Amino acid sequence: KDLIFAVISGSLRKESYSTKVAQSLADLVPEGVAVEHLSIDDIPFYNEDLKSGDTSPDPVRTLAAKIKEADGVVICSPEYNRGTSGVLKNTIDWMSKEPNSPFSGKPTLIITQSPSGTGGLCAQYDLRKMLSVINTEIVPGFEISISSSPDKINDGKLTHDNTKEFIADNLSRLANRIRG
Ligand code: FNR
């Protein structure tokens, strides 16, 4: 494998549809790409007082290092009250203050899902807004927003063919951008 895509789910719950989408990506990436799942479960609430000097808590530093190491990032997010989840926003806030901000210049694909008809489109733009201000290289193009997500996921994986095909195309576009 010549590329690593780090995958982050913005939901902590065990049966999360966002996480199930994330867990479907390994089957959809193009040749030569390995997927690494990064957990945000242990990221504390952002609080500068948790730093000793310039050093952030271990889970924050570990996550930052893994994002930095990855060639690309795929974020799978739910929508909470027309934004992304608090835990994901919190994680992005920590990352933005780490030395050599790991999202800066990082080719990134955003996937949102929701049981509703909108597929978390507001969360999609919420993420585009906050990531663009920290110079993330968001892959341009149509939004990947999966509507009626519970109907498209079975046994923990995406099973809806058109959605799988659309995501696979976008993962290829991410790989092609990185490879240049
Ligand atoms: C939601 N949900 C939701 N859905 C939506 O389409 N637009 C919204 O604004 C909201 N707002 C919202 C707020 C809060 C606090 C919760 C808990 C839920 C529903 C949400 O999309 C649904 O619970 C998803 O299944 C959450 O994603 P995970 O946890 O399955 O990944």
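The figures follow:
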quantity	calculated
Per-region count, the stretch 133-148, residues within 14 Å of the chain's Cα centre (by Cα) and away from the ligand (no atom under 16 Å from the Cβ)	4
Residues that are surrounded by 15 or more Cβ atoms within 10 Å (Cβ to Cβ) and touching an Asp or Glu at 6+ places or on another chain (Cβ under 8 Å), drawn from the stretch 56-75	SER56, PRO59, VAL60, ALA64, LYS66, ALA70
GLY53 more than 16 Å from the ligand (Cβ to nearest atom) and surrounded by fewer than 14 Cβ atoms within 10 Å (Cβ to Cβ)	yes
SER18 being in a helix (DSSP H, G or I), at pLDDT 95 or above and out of contact with any helix residue (DSSP H, G or I) (no Cβ under 8 Å at 6 or more places or on another chain)	yes
Leading residue by the ranking (nearest to TYR17 (Cα to Cα)) among those in the stretch 40-78 that are without any contact (Cβ under 8 Å) to a residue 12 or more places away in the chain and part of a loop (DSSP other than H, G, I, E, B)	ASN47
Residue among ASN81, ASN154 that is within 10 Å of the ligand (Cβ to nearest atom), exposed (fewer than 15 other Cβ atoms within 10 Å of the Cβ) and under 21 Å from THR19 (Cβ atoms)	ASN81
All positions within the stretch 84-109 that are within 14 Å of the ligand (Cβ to nearest atom) and without any contact (Cβ under 8 Å) to a residue 40 or more places away in the chain	GLY86
When residues of the stretch 91-119 are limited to those that are surrounded by fewer than 17 Cβ atoms within 10 Å (Cβ to Cβ) and assigned to a helix (DSSP H, G or I), the one farthest from the chain's Cα centre (by Cα)	LYS97
Residue list for the stretch 8-31, restricted to those being more than 9 Å from the ligand (Cβ to nearest atom) and surrounded by fewer than 19 Cβ atoms within 10 Å (Cβ to Cβ)	LYS14, ALA26, ASP27, PRO30, GLU31
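The values are calculated or read from the model by the stated rules, or taken from the named source; none is laboratory data. A quick note: this is a predicted structure, and the numbers were derived from the prediction, not measured. All Cβ positions, even for glycine, are placed from backbone atoms using ideal geometry, and neighbour counts span all protein chains on display.
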